[in-house]
Structures are given as structure tokens and as C-alpha cells.
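Heads up: the structure comes next, in C-alpha cells.
The values are calculated or read from the model by the stated rules, or taken from the named source; none is laboratory data. For clarity, every value in this text was computed on a predicted model and none was experimentally measured. Here the Cβ positions follow ideal geometry from the backbone for every residue, glycine too, while neighbour counts run over all protein chains shown. Keep in mind that these areas ignore ligands, DNA and RNA; they rest on the heavy atoms of the full protein, side chains included. Shrake-Rupley method; radii C 1.70, N 1.55, O 1.52, S 1.80 Å.
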Amino acid sequence: MKLIKYKSIAPTNFDKDPAKGVAGRVVVGKADGAQNFCMRVFEITPGGHTPKHAHPWEHEIFVHAGAGDVYGNGKWNPIEKGNVIFMPSAEEHQIKNSGKENLVFVCLVPSTAPEL
């Protein structure tokens, strides 16, 4: 077992097109001995967003704090603290913070995906 305080991990910051105001942390990954999944925590500042993109793996997202919008299935949907998102493989998607506080979410991807 390993107990990790996610804020103790230095973030990787993305603040140039196509992303804005995004900090990502790999909280459980290959370096921790995880063989099947990678867990990442992202924080998006108000007005920030991830790039619109698609990839060949699915991922699961839990919204921990804040509010925003997620693009999937060709449309935008509001998200907020406590929501869970399933993003199928190959579906174009994007997350943006339309709220007034940081949007924080946990994202799980398979170990075959890039960690960040």
C-alpha cells in the first residue's frame, strides 16, 4: 500500500494553446508500481480548458470540486462537484472551467496511455 497526498506532487502546467490554465499531477502511475491504470488529478483555473482531442483509450473522470462544462457526443454538458464522466475511446472531448473556482477532477486511464 502507498498513501499519497496529491498536493505533494509537483504539477505539470499547461498554459499555451490548445490548453489554458491546466495543472496535472500523476498521483498513481508506473513509478508507483501500478500495472493496469494511471490516476491523474487535474486542476483548471476559471476560464481555463483542456484541448479538444480524442484518443484510442477510454477514461473515467470524477469531478471533485468546482463547476464547468464537458464536450462529448458533439455537445457541451454542464458538470459540477460529484459528477462522474465516462469518456469512450475515440470520442472527441474537452473540459472547460466556466465557474468561479478551480475545477478539480480525477481521471483514470489505462497504463498503456501516456501518463501526462
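Here are a few things to note about the model shown:
- Cα shape, the range 13-76, gyration tensor, a/c 1.5 rule: prolate
- Rolling a 1.4 Å probe over the protein heavy atoms gives the range 1-61 an accessible area of 64 Å² per residue.
- Ranking by accessible area, most exposed first, for H49, H59, H64 with a 1.4 Å probe: H64, H49, H59
- Relative contact order (%) - the chain, alpha-carbon pairs under 8 angstrom, separation at least six: 30 percent
- Between K100 and T112, full extension at 0.36 nm per residue minus the direct alpha carbon distance yields a gain of 0.9 nm.
- Computed accessible area, M39, all protein chains, 1.4 angstrom probe, square angstrom: 70 Å²
- Taking trypsin sites (Lys or Arg not before Pro) as exposed when their DSSP state is a loop state and no more than 15 other Cβ atoms lie within 10 Å, the longest site-free interval of the chain runs over 17-51.
- Selection among L116, F86, V27 by position relative to the dipole of the chain gives V27 as farthest towards the positive end (Cβ unit charges, Cα centre).
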